[in-house]
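Values quoted throughout were computed directly from the atomic coordinates according to the rules given, and no laboratory measurement underlies them. It should be emphasised that the depicted structure is a prediction, and the values quoted were computed from it without experimental measurement. Ideal geometry is used to build each Cβ from the backbone, glycine not excepted, and the neighbour counts take in all protein chains shown.
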Amino acid sequence: MSAYFETGFPMAKALTDEFSKQFPNVTWSIREDQFAVITQNAPRVLADDPPDLMRLPQVSDLVRNNLLKNLDGYAKVFGWDAWPASQLEQQRMGPGGRPRGRWGCLGPLANSPCGATPA
């Protein structure tokens with residue numbers, strides 16, 4: 001699996017290490033950059049060859065450019081609907097990237113319009 005994380009946050013690497021301990025058949029290719037670099041590169045990275053996991057510093061422009069997928073359709077499948085609403089609220093965006101908290105939970109999916117349903 002591939003991941004793109006911000007430098008200076010060892011938790012992300014620790015979590016991938018723990019994941020590989022539990023699932024030894026999964027290996028990670030991890031890229032790290034500074035906050036400003038990730039912010040600048042995010043649209044290109046998501047449009048060209050998105051990683052499986054990426055820490056996104058901000059998402060409003062990515063929503064506006066249709067580089068994130070609405071993950072609400074996955075909520076029941078993965079049990080996210082059992083989480084407190086406040087847990088996911090900070091990751092909700094309206095169409096066009098504004099305002100926060102009034103739309104779906106988002107995740108990367110290259111060239112997929114926001115609001116698409118899971119396959």
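For the pair Ser2 and Gln87, label points projected 7 Å from Cα toward Cβ lie 3.0 nm apart. Here the simple spin-label model places points 7 Å from the Cα toward Cβ, and for Gln22 and Gln40 these points are separated by 3.6 nm.
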